[in-house]
Structure formats: structure tokens, C-alpha cells
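Report on one structure; see the data block that follows.
The values are calculated or read from the model by the stated rules, or taken from the named source; none is laboratory data. Values in this document were obtained by computation on a predicted structure and should not be read as measured data. Cβ sites come from the backbone with ideal geometry, for glycine too, and all protein chains shown count toward neighbours.
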Amino acid sequence: MIVVTGASRGLGNAICHRLAAKGERIVGLARSIEGLAFDAVACDVGEFASVKSAARQVKGFGEEVTALINAAGIASMNLAVMTDAATVERLIQTNLMGTIYCCQQFAPLMMRKKNGAIINFSTVAVALALKGESVYAASKAGVEAFSRSFAREMADFNVRVNCIAPGPIRTDLLRGISDAQIEKITAQQVIPKAFQAGDVCDLVELLLDARADSLSGQILHVGGV
């Protein structure tokens with residue numbers, strides 16, 4: 001059973017549909033789960049009590065958890081000095097703390113079996129130090145640092161931890177961002193183009209596959225930096 005956060009939209013939703021189509025048992029976590037075409041549990045990853053409750057419900061399904069994909073995340077593009085405190089807290093709480101909370105609650109389900117994979121999500125904004133994304137980048141830089149150290153903590157339990165850091169991906173997260181802004185970012189990538197959600201799904205599939213059992217503690221950039 002694969003647990004995917006942020007399952008109601010964007011990359012999380014695309015990942016759920018891709019893996020379900022391959023015959024994987026998916027349990028999606030999202031604040032709103034109405035109308036989802038796969039098993040789902042209501043959860044706000046930024047709230048520890050909510051994550052703990054969701055983990056309890058997932059355990060109640062009685063199936064082995066083989067992977068956790070932390071795709072839940074929010075973004076806010078603005079200069080740091082113009083970003084209000086509530087937005088700063090929401091970014092850190094959802095992106096960084098949400099990732100940590102989910103790893104704390106779901107990793108033990110894989111540790112006991114000494115088998116599993118965890119995929120966290122960062123952003124190209126960290127590596128490229130993008131102007132106007134400093135707070136968002138800070139929240140995701142924390143995810144990268146956490147993922148690298150957590151990978152070492154999980155190594156003795158045969159649980160691999162990697163982090164995907166995409167460039168601009170055509171999802172709801174890019175709504176309101178002009179084509180010119182997107183092109184300005186992608187021009188800094190090794191492969192200067194915006195990618196599709198399916199490209200990220202391909203990488204997720206690879207990291208979940210046994211053929212990737214030598215990969216852990218890695219930050220993988222879709223588009224290259």
C-alpha cells in the first residue's frame with residue numbers, strides 16, 4: 001500500500017492516478033477527499049494531530065505500507081519583506097513540518113518490515129535561489145536537509161529516502177504565473193523547458209522500483225540545475 005499526500009490535486013493527484021493504473025493500492029491523504037477515485041483519508045499535513053489520526057486510520061486498513069510520497073505542498077511567490085507572518089507560518093507548517101510529521105508517523109510502518117521507500121518533494125527554487133520565492137524556498141530547503149539526514153537514519157531499516165525537486169510543472173500550482181515568468185525560470189535549467197506531471201510520475205515510478213535500491217539521500221532535479 002502506497003500513501004500519497006496532497007492527493008486531491010496537482011502532482012499528488014497525478015501520482016495517485018498513475019500508480020493506481022499500474023495496479024498499486026493507493027491511499028491518498030488530502031484536506032478534501034470528496035470525489036477521489038481511490039481510497040483516501042482526510043488529513044491536514046500541517047497539523048500533527050491530523051497526521052497522527054490519518055496514520056491510525058491507514059494502519060486500520062490492515063495492509064503493509066510499502067511507500068510514502070509526500071507531495072502535499074503550497075507556494076507563495078513574493079518578496080520576503082512583503083510576505084505576511086501568516087503566509088510564512090503556513091508555508092513552513094505545510095511544506096516542512098507536514099513532511100516531517102508524515103515521515104514520523106508512516107516510516108515506522110516500513111521500519112518494522114525493513115523495507116520501503118519515501119519520496120519527499122522540494123523545488124528548483126532552492127538550487128536556483130529564485131528571486132521572490134525566498135520563504136517558499138526556505139521551507140523546501142528544510143525538506144531537502146531533512147531528507148538527506150533522514151535517509152541515513154533509515155538506512156539500517158532498508159527504507160530509502162529521496163527528494164524530487166522539479167522545475168515548473170504544468171499543474172494548479174502554476175496558476176497565476178505568466179508564461180514569461182515560467183520561461184525565465186526554465187531558462188536557468190539544464191533542460192530549459194517546463195515539464196508535465198507525467199514526467200514527475202515517471203521519476204516517482206523509478207524511485208519506487210527495486211532497480212533504484214542503490215539510491216537514497218538524493219535530491220533529484222527534474223530539468224536539471
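Kindly establish whether CYS163 is at pLDDT 90 or above and under 16 Å from TYR136 (Cβ atoms). In short, yes. Against the condition modelled with pLDDT of 95 or more and among the polar types (S, T, N, Q), how does SER134 come out, does it pass? Yes, satisfied.
Residues that are farther than 17 Å from LEU79 by Cβ, buried (at least 17 other Cβ atoms within 10 Å of the Cβ) and of a type in the set (Phe, Trp, Tyr) within segment 115-157 comprise PHE121, PHE146, PHE150, listed in sequence order. For segment 1-35, a residue qualifies if it is more than 12 Å from the chain's Cα centre (by Cα), under 16 Å from GLU205 (Cα atoms) and not hydrophobic (A, V, I, L, M, F, W, C), and the qualifying residues are HIS17, ARG18, LYS22, GLY23, GLU24, ARG25.
So that you can scan it fast, the table gives a plain yes or no per residue for (1) among the polar types (S, T, N, Q); (2) surrounded by 14 or more Cβ atoms within 10 Å (Cβ to Cβ); (3) without any contact (Cβ under 8 Å) to a residue 24 or more places away in the chain:
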| residue | (1), (2), (3) |
| --- | --- |
| GLY35 | no, no, yes |
| CYS43 | no, yes, no |
| ALA49 | no, no, yes |
| ALA54 | no, yes, no |
| ALA71 | no, yes, no |
| SER76 | yes, yes, no |
| LEU79 | no, no, no |
| THR87 | yes, yes, no |
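Take the conditions (1) loosely packed, with under 13 Cβ neighbours inside 10 Å; (2) outside any helix (DSSP H, G or I); GLY217 misses just one of them, which is (1). Among the criteria (1) under 30 Å from ARG152 (Cα atoms); (2) loosely packed, with under 13 Cβ neighbours inside 10 Å; (3) not hydrophobic (A, V, I, L, M, F, W, C), the one SER178 does not fulfil is (1).
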